[in-house]
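For reference, the structure is listed below as structure tokens.
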Amino acid sequence: MSVVRVAVPRPLWTLFDYRTPDTIDPPLPGTRVRVPFGTQTLIGLVVESVADEPAGVELKTLSEVLDPAPALQADILGLIRWAAEYYHHPIGAAVFSAIPVALRKRVQLRPIEPPRHWRARADGEAKPTRAQRQMAALEMLRNAGSAVPERTLADAGFDARVIRALERKGLIERCEPPPRSAAPASAPFAPTAEQQRAIDAARAALGRFETLLIDGVTGSGKTEVYLQAIETTLERGLQALVLIPEIALTPQTLDRFRQRFGHAAMYHSGLTERERLDAWQQCRAGAARVLIGTRSAIFVPFASLGLIVVDEEHDGSFKQQDGFRYSARDLAIKRAQMLAIPLLLGTATPALETLNNARRGRYRHLHLTARPGAAKPPIIELVDIRGLPLDDGISAPLRNAIASHLAAGNQALLFINRRGYSPTYLCTRCGWTAACPRCESRLTLHRAPPGLRCHHCGFNAALPHDCPQCRFAPLKAIGIGTQRSEQGVARAFPTVPVLRIDRDTTRSARTMASHLEMIARGEPAILIGTQMLAKGHHFPRVTLVGVLNADAGFASPDFRAPEHTAQLIVQVAGRAGRADRAGEVWIQTFNPDSPLLQALVRDGYSGFAATELAQRNAAGLPPFRALALLKADGAELDRTFACLRTLVAGIEGIEILGPTPAPLARRARLYRCQTALLAADRAQLGRALDRLVDTHGSARFAGVRWSIDVDPYDMS
Ligand code: ADP
Ligand code: ZN
Ligand code: ZN
């Protein structure tokens, strides 16, 4: 008699034991099974087998084994279990959010077939066909002269029906793939000495666990380092996984990998369930050699993974912000360690915890300080805007700079991290401000299309013509968003195209594509946008970057806000002067004496980071202590607070801050509260959270939802 322990897709902290019917072999860990659960039957996943039935318990029997062989291999199961424990998330919920949605259903996993190839039959001439699609496909195969992959035919619009028909008529036949070209296309240039050192270090690390931090300024050729390290990995018959931020998954990024390696599979949230399952299976079977994916790709199984790359490792999108709150960057480190393979973390602005790990010798720190070729690093300057009149957010010195860069035939980029027209809409007579009725926040004024919108819950209202409280008109818009600065520069530079790039304009893929095309043509233009401009794009004709308001980020109560703001500024600055023209970066500020801004301008990101790390150390904040947030939301404030108090009662030996209202204290009608737990290290924090889950994991707090966020990315 054998017993299996099964994870079920429910937010429950335990595994459930089932007996295996005597007639079958006990399913191995990683196998999907159907099990009776309460009054239902669920699809679950076997996590362990145990030899004996626990004494004195009557176990249910599992209903069906879905996979003939485990769907999840041992290393992925191990990674998910580790993550569920580390992030203190219920095991079943963790398992089922880490695998493709399609696997939560009864689909069969089929073995992956090698890609089929076709060629025209030499003796097939005699019987041409009248069907046009078939004739066109035949033509394509005849012209090719050699084996054509079925995927290429499909890309050309010839589906399996057309191919099958031609095969039946004896006009084409299946054949062996052409011999794999000896090596991937090589780089069109020789690596710089710094690149070569990083490439050598990555190559030398293949076959063992090592984390390499590729700390390279924007445009210094980090991607080339990844490509060459991947090339060697593939030559050894191993696969490579590249994690990139959500926003960086541009066609340009993919093209670079595809040009080099012929094919790269993709895994991200924009795919259909079927496509995701396909990519997942291709990697698992070893058929896909390179996978490029966003956060969730860290859980994709590989037949023989040899290298992991995390590009822009500092990026917030690697941390899942709800449900299973894992960090794909940190799990990449764990996965590399478990598999004894190297990990490359690349960025121009390392996260402070990454820098700290490098300082402590846990990571190998490699620097790329120069841009290859003639490209020069940008010059950064502060514009003291105290007392200067601002015209829709733009000071006269910045306006003059824009004019001179445009006159020289270049482009300018203005960065403002707020979409909409204006963040505050108020009555100057009675003080009324437009506020969201469901959140504790103001409504943002939008002009195109007009309306008041809540950026937290999506609430929409028509634009009031006069004050709802005292009927005074006109109401006043205070503060700047992208739409307003767009309007301002359009007025100041009426003959130059102004292109706005934020979440409102990029919802339309057509608008975005036409904007990017216009920018690529290189004629004088002004780009205005949010952080969407900071990543993934190359704007070789941009020689001036203006940061309209740097202060908001540095003044935020979130202790991580200065770090994130500095990263954003440096990333945006990196868009300037990527080709042969040196760039200038102008930062407008009301606080030109701020030590953080000063450090950033004087010594660049590393100077800023050193200053900020010293402050974090003095304040006992991460990365010098381990932090978790307990979050709760509910319709009644008292109960929400009480839930958090109960959860931490009995926890000793670590610092407990709160409960307090969250920075956004109410969202979509729910009060939001949080308690911060600060421990000397991750082990101590982990023990405290274990205790909390043991005591309260299955407790119910009426009307309140609570969750744990280990290593939170932000405090909101
Ligand atoms: P990063 O990823 O660090 O931002 P990229 O890899 O995108 O930098 O490189 C920036 C540009 O420099 C790219 O156009 C790339 O083709 C080019 N480049 C990279 N390495 C070299 C080199 N050794 N010599 C000349 N050009 C290079
Ligand atoms: Zn009023
Ligand atoms: Zn709202």
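All of the numbers you see were taken from the coordinates with simple rules; none came from a lab. As the structure is a prediction and not an experimental result, all values here were calculated from the model. Heads up, the Cβs are rebuilt from the backbone with ideal geometry, glycines too, and the neighbour counts pull from every protein chain shown.
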Inset, instruction - Write out the GluC sites (Glu not before Pro) in segment 1-99 meeting two conditions: DSSP loop, and at most 10 other Cβ atoms within 10 Å of their Cβ. - result: 58
Inset, instruction - For the chain, just the Cα set please: Rg and Dmax, both in angstrom. - result: 28.6, 90
Legend entry - In sequence order, calculated HN-Hα J values of segment 381-387 (Karplus, 6.51, -1.76, 1.60; Hz; x Gly/Pro): 9, 9, 10, 6, 9, 4, x
Inset, instruction - Would you pull out the residues with amide H under 5 Å of residue 435's amide H, same chain only if 5 or more places away, H placed 1.01 Å from N? - result: 443
Inset, instruction - Could you list which residues have their amide H under 5 Å from that of residue 528, counting only those 5 or more apart in sequence or on another chain, with H placed in the peptide plane? - result: 414, 499, 500, 501
Legend entry - Estimated vicinal HN-Hα couplings, Hz - segment 53-58 in sequence order (Karplus 6.51, -1.76, 1.60; Gly, Pro = x): 6, x, 5, x, 10, 8
Legend entry - Relative contact order for segment 504-657, counting Cα pairs under 8 Å that sit 6 or more residues apart, in percent: 17 percent
Inset, instruction - Please give the length that would be gained between residue 558 and residue 273 if that part of the chain were fully extended, namely 0.36 nm times their separation in residues minus their C-alpha to C-alpha distance (nm, one decimal). - result: 99.0 nm
Inset, instruction - Classify segment 360-458 as rounded, prolate or oblate, taking a ≥ b ≥ c as the square roots of the eigenvalues of its Cα gyration tensor: rounded when a/c is under 1.5, otherwise prolate if a/b is larger than b/c and oblate if not. - result: oblate
Inset, instruction - For residue 424 and residue 169, compute 0.36 nm times the residue count separating them, minus their Cα-Cα distance, and round to one decimal in nm. - result: 84.7 nm
Inset, instruction - Run through the DSSP bridge list for the chain and note the antiparallel percent, rounded to the nearest 5. - result: 55 percent
Legend entry - Space enclosed by the convex hull of the alpha-carbon atoms of segment 590-714, per residue, Å³: 124 Å³
Legend entry - Pairwise FRET efficiency - residue 694 versus residue 57, Cβ, R0 = 35 Å, nearest 0.05: 0.95
Inset, instruction - If a/c stays under 1.5 just call it rounded; otherwise compare a/b with b/c (prolate if a/b is bigger, oblate if not). Do that for segment 431-558, with a ≥ b ≥ c from the square roots of the Cα gyration tensor eigenvalues. - result: prolate
Legend entry - Over 29 Å between alpha carbons, listed pairs 334/631; 105/319; 105/222; 222/334: 105/222
Legend entry - Sites residue 478 and residue 386, calculated FRET efficiency, Cβ-Cβ separation with R0 30 Å, nearest 0.05: 0.95
Legend entry - Neighbour-limited loop hits for GluC sites (Glu not before Pro), segment 572-657 (at most 11 other Cβ within 10 Å; DSSP other than H, G, I, E, B): 652
Legend entry - Cα coordinate range in segment 267-378, projected on the principal axes (Å, largest first): 44, 34, 29
Inset, instruction - Assuming a ≥ b ≥ c are the square roots of the Cα gyration tensor eigenvalues, decide whether segment 214-257 counts as rounded (a/c under 1.5), prolate (otherwise, with a/b larger than b/c) or oblate. - result: oblate
Legend entry - Isotropic mean projected area of the C-alpha convex hull, segment 1-150 (nm²): 14.8 nm²
Legend entry - Theoretical gain in end-to-end length, residue 470 to residue 208 [0.36 nm per residue, Cα-Cα removed]: 87.2 nm
Inset, instruction - Using amide H atoms built 1.01 Å from N in the peptide plane, name the residues 5+ places from residue 42, or on other chains, whose amide H lies under 5 Å from its own. - result: 35, 37
Legend entry - the chain: relative contact order in percent, alpha carbon pairs under 8 Å with at least 6 residues between: 11 percent
Inset, instruction - With θ set to phi - 60°, apply the Karplus curve 6.51 cos²θ - 1.76 cosθ + 1.60 along segment 327-337 and write out the HN-Hα couplings as whole Hz, x wherever there is a Gly or Pro. - result: 9, 5, 5, 5, 5, 4, 5, 4, 5, 4, 5
Inset, instruction - Rounded to the nearest 0.05, what FRET efficiency do residue 638 and residue 460 give with R0 = 41 Å and r taken as the Cβ-Cβ distance? Could you check? - result: 0.85
Legend entry - Alpha-carbon Rg/Rh ratio, for segment 497-549, with Rh computed the Kirkwood way: 0.92
Inset, instruction - Can you tell me the relative contact order of segment 324-467? Whole percent, Cα pairs under 8 Å, sequence separation 6 or more. - result: 9 percent
